[in-house]
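Bear in mind that the values in this text are calculations on the coordinates, not laboratory data. Note that the structure is a prediction, hence the values are computed from the model and not measured. For neighbour counting, all protein chains shown are included, and Cβ atoms are generated from backbone atoms with ideal geometry for every residue, glycine included.
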Amino acid sequence: MSINNFLRKFRIEIISNRRESTKVAMEKFEDEPLIVAEIGVEDGYNARDLQKALNIKEFHLIDICPTKKAFKMKNKNEKWYLCPSSEADVPKCDFIYIDGSHEFKDVKIDLEKYWEFVEEGGILAGHDIQYLDVSKAVLQFANKNNLEINFGDRRDWWIIKDKRR
Ligand SMILES: C[S@@+](CC[C@H](N)C(=O)[O-])C[C@H]1O[C@@H](n2cnc3c(N)ncnc32)[C@H](O)[C@@H]1O
């Protein structure tokens, strides 16, 4: 058993500032093998924690310009898309985390596009809800589609894709 699997199985958390939506995904999916995507990877800080927290079978990492540090973590389950998020072609995912451009028009595009790639019963989440552009886009999207948004620690938000929708 790998160290990550061991920590996950016994719910041992070494990183204390884990993001709230990651914790929600851990509770919801437990040890289920997941397809995950992150939009906006930068140096891979959150991506590395997602690898530890969840049992990821396929990890789709999208960033127009990630740092060199991000590539040090390359794991076998990762697929990189070095392009704008609007151009990446990912499969249906159980968990998608939006943290790319924080400009209103870009967040709006990410929300509309990636919602379609969330499996029924999956989670669409994101970071930096404290920014006006991000919160405006998330609130408008949820309102338009009659969806319930959750807000949590570490500036996270998330929406669970109800099976009935
Ligand atoms: C806030 S950082 C991501 C931080 C990372 N999610 C974390 O928490 O560790 C934002 C990243 O989004 C990328 N980005 C910005 N606009 C983008 C776009 N339109 N498409 C894809 N990536 C984009 C930037 O290159 C940057 O690396």
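Of all residues being within 12 Å of the ligand (Cβ to nearest atom) and crowded, with 22+ Cβ neighbours inside 10 Å in the stretch 23-45, which is nearest to Ile109 (Cα to Cα)? Just the residue, please. Applying the filter and picking the extreme gives Ile39.
In the set Asp153, Asp110, Asp133, only one residue is touching a Phe, Trp or Tyr at 6+ places or on another chain (Cβ under 9 Å) and under 21 Å from Glu42 (Cα atoms); that residue is Asp133. Taking first residues from the stretch 61-73 that are within 7 Å of the ligand (Cβ to nearest atom) and partners that are in a strand (DSSP E or B) and among the β-branched types (Val, Ile, Thr), the Cβ contacts under 9 Å between residues at least 6 apart in sequence or on separate chains come to Ile62/Ile39; Asp63/Ile39.
Being β-branched (Val, Ile, Thr) and in contact (Cβ under 8 Å) with a residue 40 or more places away in the chain is the filter; apply it to the stretch 95-124 and report the residue that is nearest to the ligand (Cβ to nearest atom). That would be Ile98.
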